[in-house]
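Comments concern the structure below.
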Amino acid sequence: MFGYYLDLALRSLRRNPALTGLMVLAIAFGVGASMTTYSVFRAVSGDPIPWKSSRLFVPQIDLFGPTAAAKTSNEPQDLVSYKDALAITRAHRAHFQSAMYNIAPSIDPASPGSRPREVMGHAVQWEFFPMVDAPFVYGHAWSADEDAAHAKVAVISSRLNDRQFKGEDSTGREIILDGKPYRIVGVLDHFTPEPLFYDVANRNFGEPDDVFLPFATAIDAQSTNTGNYNCARSPLEEGFSGTLTAECAWIAVMVQLDSTADATAYRQWLDGYTDGQRQAGRFSWASNNRLRNLPAWLDFKQVAPPDTKVSLLVALGLLVVCMVNTIGLMLAKFMRRSGEIGVRRALGASRLQIAVQFTVEAAVLGFTGGLLGVAMTWIGMTAMRAVLPEDIAALARMDGSLLSLTLCMAVLATVVAGLYPTLRATWVRPALQLKSN
Amino acid sequence: MAITPIIVALRRHKAGALLIGLQIALTLAIVCNALFIITTRIERIGRPTGIDEANLFKVSVQRGGLPSDGEAAKARLDADVRTDLAAIRALPDVADAYVTNTLPLANSNWTGWLGQTPDGDKVGPSTAFFLGDEHTLATLGLHLVEGRNFRPEEVLPHSLRDRVAPAQLIISKALAQKLYPDGDAIGKTVYVGPSAPPTRIIGVVDRLQSSTVQAWAESFAWQTSIVPARFSFTYRTYAIRARPGRLDAAMKAVPDALYAVDPQRVIPEDDGVLSFAGIRARAYRADRGMAILMGAVCVILLTVTAAGVVGLSSFWVGQRRRQIGIRRALGATRRNILNYFLAENALITVGGVLVGALMAFAINAWLMVQFELARLSVNYVLAGIVALIVLGQASAFAPALRASHIPPVEATRS
Amino acid sequence: MLKMTHLSKVYRTEVVETYALRDFNIDVNEGEFVAVTGPSGSGKTTFLTIAGLLETFTGGTYHLDGVEVSKLDDNARSRIRNEKIGFIFQAFNLIPDLNVFDNVEVPLRYRGMKAAERKQRIMESLERVGLASRAKHYPAELSGGQQQRVAIARALAGSPRLLLADEPTGNLDTQMARGVMELLEEIHREGATIVMVTHDPELAARAQRNVHVIDGQVVDLAEDPRFHAQVQAGRVNI
């Protein structure tokens, strides 16, 4: 019977190509615009590490105090001072923890004759790698001992490995960063999280990290922090060494806490730490700490640009208009066939059979609109790449799930739009006359 | 023309009329807000930075492997910078150049606070700092409205983490007005943060935009200061003015000259050398993208709605062929029939836009709460109303014209 | 087969109540060919729509094939229309988007019949009306008489117990009308029950029995001189 309805639907749609075309285009535009903006929204608002994001936390400490001019709200700073970073990681109260900061050293070329280039990276502690589940293609993370010994080792990205070592196993070999040699202990396997969730206070989308150095080693080498650096008052001492003693926020910290109880205990410990700092005379204000898990942190930092949300909402509005348009046109199309409906009813079609016939017609219309909508989405995404900031636009991808979602959405939206016209079709009474007019 | 018969007729196909009205209402509501977003973004993009952007470009360099801490390291880096600057300024295509931390719109911000007393926690307005020297005003094409330029001897080497506490300062007019609403900032003493040494304001430039266009810095986007300092650090940016018409040549010549001085340096491939037009495009790319996207949405919306009106009007005309024939037979002129359908459309559209205007403000109110958008001006809604009424009439015209050409003989056909 | 007792049908508006049928009684036996006649507006078409379960009625009872139909829901009524009743309309009512074959197929589709059986039945009934060669034609390509024969084929395809015809020759010229009428008579001879509404006395005369309707009521034929006069006049014309 479904085949029969399908056949009837195709006949009906062919009979009125202009009206059908109008409806298909409206559906395609609505779905295409929605899916284009959705593809961007999905890319920027997705969970970069869904299997454990709720167990990753970012501790924040109020370094500046409630009256500091540098503050616009009572939120503590996104980053912590070197002193607090060391205190947090040395206390070792979480399952994993790492202090980290943004570096951009120059790297000597693999072959003589080429020029050195700049690479993005982070100085981290060994626990960083198991904490963020970084996959290795060669080697492994450096050890706790190497961390403690300020070893001159490095973990590099597969991208850098391809460029410097043609993709071979480079563990044990050396790279020269800012003029100093580092021994490669591990090569990551396409670790390019979007956003760069472990340090969204500094970077979110765009270039992934190519090098990771031990935190203590980078500090020894005075590797410049290329991320944010915020001070409530000027450091007492100038230069890199001054940043280590300054009450300035520039180090990101992430910790892994495996249960709610652990998180609660950690919060208490953090408050205890800052209370102790106050008693020691360092802070003159009450503890004002935060411990957000990763989803809450990404939300708080507005990692997904509000523009992408506004765009998605506006596009969904467009879809609603297109669907209202489709309801009107479908109503006209179905009502034009009230004579046929009356005869079918007279010949024994039940209301349900009429409803199924017209719902199938709506679904076929939606599917056709969806196919065109996929094309529109593709065009839309290509256009978005041309006009949006590269780091955002590059994330929007057409994949199987987006494709099937586009089709499902088109069919579903059209079937919903067809509910009222179909209902009206079932109201047509069985009739002896094919009424003209 | 009497409205009553049209209303009576509309009640016979009220579902269709309601749907078209609803579509027009939604279209108006969305188009008004989208247009509002577009104009907001275009205004934002169009703000002049205050500098002469033509023929201006920047070259960012990085030099790894050199120590940066301590006086000796700083002196060594400062010597490198002077060598670089001499090499750049000697190029025939270069008009002027200086070294700095950042440029307007370059998206790397140094900010601080200017207090009028040395007193600890009392701080004044926020400001964005640009490092510069006696060449800065000329290179950027800034307009000095009061006071004087820096003297070469006032410009000191400055490392990344050095304290910004200059003896002299040139500030923007917006910052001067914020500090001294009564005017006359020249010669006044300010303090860069608590317990800083005194800084004297020696000049005021007309307008100078800060280096970031991000929302958090919007409140002090025009409150900028130029610090007499040569940025002598392992990474730095050269701001260079090419001779008129020689921008492309200079953008090629400068990196070559810099590599000739020191082949070990890094000039990033993708954004190391950028014209100011390039810097501007990067800064406002998201705004431009948003404006284009909203524009596309508006075009699609209006097209779909126009097509919907054409479709449904045509259907109604087809449905009423006989009725129109009877009217014609009873003496209605073509003009009467045309007017009838146009009036019917006008009635639906006016109903739609009235509802749509309310929806436009409701959506705007919601966006204001959720996304900190500004309040929608009534002008957008009025413009939208006019546009949709014109669109409705234009869309209904072809079907109405076809209706007016239905011959009276149609009355006799069944 | 078809029995209506004290049946009434009232159309109500806010202002008036109009009786389309009032105390309407009729009993059609299996295998009968009954013509229902009457002037325009007498209620004969209303009778046919109720008989065909296209409309409900206000009062009285209606038994179709022994079943009281007033209690049936829409689905059951649809099924009875599909399985027991065949309709022949004045305006043919073929679906213009469907060709002859597909038009005849419509009631069989709703019966959920297998494709092979559908095809066999369709071709049989098209052969019976002499249009098997036109199966692929669309209604617009056929003459009025041919269209009505397709409509009859569609009505017959489902082997209905009862055939309801509403002015079946009303839209046809005399020659075509004669052909259609002969077809109906032939169908009747083969055992079908036919109820035909017409205002044409000539047609009515060819039925086994005439039922005359005036003002929504069945009028006793023997006692109405006007009817006799009409019948006489019709016969004279032949």
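The values are calculated or read from the model by the stated rules, or taken from the named source; none is laboratory data. Just so you know, these numbers come straight off a predicted model, no measurement behind them. Cβ atoms come from the backbone with ideal geometry, glycine included; neighbour counts cover every protein chain shown.
What the table shows:
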item	result
Residue match in segment A:374-389 (condition: over 30 Å from A:Val44 (Cβ atoms) and either buried (at least 24 other Cβ atoms within 10 Å of the Cβ) or within 14 Å of chain C (Cβ to nearest Cβ) (or both))	no
Yes/no for C:Ala135 being within 13 Å of the chain's Cα centre (by Cα) and surrounded by 15 or more Cβ atoms within 10 Å (Cβ to Cβ)	no
Any hit, segment B:172-188, residues being in a strand (DSSP E or B) and buried (at least 18 other Cβ atoms within 10 Å of the Cβ)	yes
Residues (farther than 17 Å from A:Thr37 by Cβ and crowded, with 22+ Cβ neighbours inside 10 Å) located in segment A:295-320	A:Trp297, A:Leu298
Positions within segment A:352-371 being surrounded by 19 or more Cβ atoms within 10 Å (Cβ to Cβ) and closer than 16 Å to C:Val106 by Cα, in sequence order	A:Gln353, A:Ile354, A:Gln357, A:Phe358
Candidates A:Ser143, A:Ser114, A:Ser158, filtered to the one that is small (Gly, Ala, Ser) and touching a Leu at 6+ places or on another chain (Cβ under 7 Å)	A:Ser158
Residue among C:Val67, C:Val34 that alone is of a type in the set (A, V, I, L, M, F, W, C), away from chain A (no Cβ under 14 Å) and over 25 Å from C:Leu184 (Cα atoms)	C:Val67
Wholly within segment B:202-312, strands (runs of 3 or more DSSP E) carrying at least 3 residues that are in contact with a helix residue (DSSP H, G or I) (Cβ under 9 Å, 6 or more places away or on another chain) and buried (at least 22 other Cβ atoms within 10 Å of the Cβ)	B:224-231, B:235-242
Cβ pairs under 7 Å, 6+ apart, first in segment B:341-352 and among the acidic types (Asp, Glu), second part of a helix (DSSP H, G or I) and surrounded by fewer than 23 Cβ atoms within 10 Å (Cβ to Cβ)	B:Glu344/B:Ile6; B:Glu344/B:Leu10
So A:Arg159, is it within 31 Å of the chain's Cα centre (by Cα) and either not assigned by TED's automatic domain parsing to the domain that holds A:Val255 or not in a loop (DSSP other than H, G, I, E, B) (or both)	yes
Lone unmet requirement of (1) more than 13 Å from chain B (Cβ to nearest Cβ); (2) in a helix (DSSP H, G or I); (3) farther than 25 Å from A:Arg344 by Cα for A:Arg11	(3)
Residue match in segment B:273-282 (condition: more than 16 Å from A:Arg115 (Cα to Cα), basic (Lys, Arg) and without any contact (Cβ under 8 Å) to a residue 12 or more places away in the chain)	no
Filter pass, B:Thr136 being of a type in the set (Ser, Thr, Tyr) and either under 30 Å from A:Leu244 (Cβ atoms) or outside the structural domain of B:Glu218 (by TED's automatic domain parsing) (or both)	no
Residues satisfying the stated conditions in segment B:136-169, i.e. among the hydrophobic types (A, V, I, L, M, F, W, C), in a strand (DSSP E or B) and under 25 Å from A:Asn228 (Cα atoms)	B:Leu156, B:Leu169
Helices (runs of 4 or more DSSP H) fully within segment A:242-353 counting 2 or more residues that are among the basic types (Lys, Arg), within 14 Å of chain C (Cβ to nearest Cβ) and within 30 Å of A:Ala18 (Cβ to Cβ)	A:306-336, A:338-346
Test for C:Pro107: is it surrounded by fewer than 17 Cβ atoms within 10 Å (Cβ to Cβ), within 10 Å of chain A (Cβ to nearest Cβ) and free of Cβ contacts under 8 Å to residues at least 60 places away in the same chain	no
Selection within segment B:324-339 - not β-branched (Val, Ile, Thr) and not in a helix (DSSP H, G or I)	B:Leu330, B:Gly331, B:Ala332
Candidate set: segment B:310-342, residues that are among the aliphatic types (A, V, I, L, M) and within 9 Å of chain A (Cβ to nearest Cβ); chosen: the one farthest from the chain's Cα centre (by Cα)	B:Leu312
Strands (runs of 3 or more DSSP E) wholly inside segment A:164-240 containing at least 3 residues that are in contact with a strand residue (DSSP E or B) (Cβ under 6 Å, 6 or more places away or on another chain) and free of Cβ contacts under 8 Å to residues at least 40 places away in the same chain	A:180-188
Out of A:Arg397, A:Arg385, A:Arg424, sole residue that is more than 18 Å from A:Arg351 (Cα to Cα), basic (Lys, Arg) and part of a helix (DSSP H, G or I)	A:Arg385
Selection count where residues are under 30 Å from A:Gln222 (Cα atoms) and of a type in the set (A, V, I, L, M), scope segment B:131-161	4
Boolean, B:Leu103 is modelled with pLDDT under 95 and either in the same structural domain as B:Tyr180 (by TED's automatic domain parsing) or of a type in the set (Asp, Glu) (or both)	no
Unique match (being on the phi > 0 side of the Ramachandran plot and either more than 8 Å from chain A (Cβ to nearest Cβ) or modelled with pLDDT under 90 (or both)) among C:Asn75, C:Asn93, C:Asn25	C:Asn93
Those helices (runs of 4 or more DSSP H) lying entirely in segment A:17-136 with at least 1 residues within 30 Å of A:Arg183 (Cα to Cα) and hydrophobic (A, V, I, L, M, F, W, C)	A:82-91, A:128-131
